[in-house]
1. For A133, indicate whether it is modelled with pLDDT under 90, part of a loop (DSSP other than H, G, I, E, B) and within 14 Å of the chain's Cα centre (by Cα).
2. Select from the stretch 87-105 the residues that are without any contact (Cβ under 8 Å) to a residue 24 or more places away in the chain and over 17 Å from the mean Cα position of the chain (by Cα) and list them in ascending order.
3. Within the stretch 32-42, is even one residue without any contact (Cβ under 8 Å) to a residue 40 or more places away in the chain, in contact with a helix residue (DSSP H, G or I) (Cβ under 7 Å, 6 or more places away or on another chain) and hydroxyl-bearing (S, T, Y)?
4. Taking the stretch 13-41 on its own, how many of its residues are at pLDDT 90 or above and over 14 Å from the mean Cα position of the chain (by Cα)?
5. Among the residues of the stretch 47-55, is there at least one that is in a strand (DSSP E or B), more than 28 Å from E5 (Cα to Cα) and in contact (Cβ under 8 Å) with a residue 12 or more places away in the chain?
6. Would you check if V45 is hydrophobic (A, V, I, L, M, F, W, C), touching a His at 6+ places or on another chain (Cβ under 9 Å) and surrounded by 14 or more Cβ atoms within 10 Å (Cβ to Cβ)?
7. Being more than 12 Å from E25 (Cα to Cα) and assigned to a strand (DSSP E or B) is true for just one of Q104, Q116. Which residue is that?
8. So, of the residues in the stretch 77-98 that are more than 20 Å from C12 (Cα to Cα) and of a type outside the set (D, E, K, R), which turns out to be surrounded by the most Cβ atoms within 10 Å (Cβ to Cβ)?
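The values are calculated or read from the model by the stated rules, or taken from the named source; none is laboratory data. Here the structure is a predicted model, which means the values were calculated and not measured. Reconstructed Cβ throughout: ideal geometry from the backbone, glycine too, with neighbour counts over all protein chains shown.
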Amino acid sequence: MTGMEPNLKTDCALANVLAELVSREAILHRPESGSTRADLERMMVEDFWETGASGRRYSREFVLDELERRTANPPADEWHYSDFHCRRLGPDTYLLTYTLVQDQGRCTRRMTIWQQASEGWKAVYHQGTVIEAGTKGPREQASRPDRQMIG
């Protein structure tokens, strides 16, 4: 019997795409790293939307307002990212998945669909899903040899 968790490995040919998207993803969560609202607007398609870990759907404008609020009042907790995986969905379109652990112990699986446009990378959609208590989290997975970022 095989394990429930998939063995996610990013194709070696996507190593540069993975690195680029990982660097952009942190900006969407932690805008205090230097991005302005105009920078963030350029990083999202006009009809971007998000499904939060709560299951609520959020418009592009709401997400931009929230990121702007976080820039003005950065949260004190630390956020840790792991288990990054990238998959090509179609021409110039990629899925980035990862795990996010916030300082207070909240653990979520995240995914963003990114599109490479002539004017640069743009987020199309983002979703977060809370990991149930007792589910193997990133700390257990990070030590497993089959949890390599690039295969």
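1. Working: modelled with pLDDT under 90: yes; part of a loop (DSSP other than H, G, I, E, B): yes; within 14 Å of the chain's Cα centre (by Cα): no.
So A133 does not fit the description; no.
2. G90, P91, G105
3. Looking for residues that are without any contact (Cβ under 8 Å) to a residue 40 or more places away in the chain, in contact with a helix residue (DSSP H, G or I) (Cβ under 7 Å, 6 or more places away or on another chain) and hydroxyl-bearing (S, T, Y), one finds at least one in the stretch 32-42, hence yes.
4. 5
5. Checked against the condition, which is being in a strand (DSSP E or B), more than 28 Å from E5 (Cα to Cα) and in contact (Cβ under 8 Å) with a residue 12 or more places away in the chain, the stretch 47-55 yields at least one hit.
6. Answer is no for this residue.
7. Only one candidate passes the filter, namely Q116.
8. Across the stretch 77-98, the extreme among qualifying residues is Y81.
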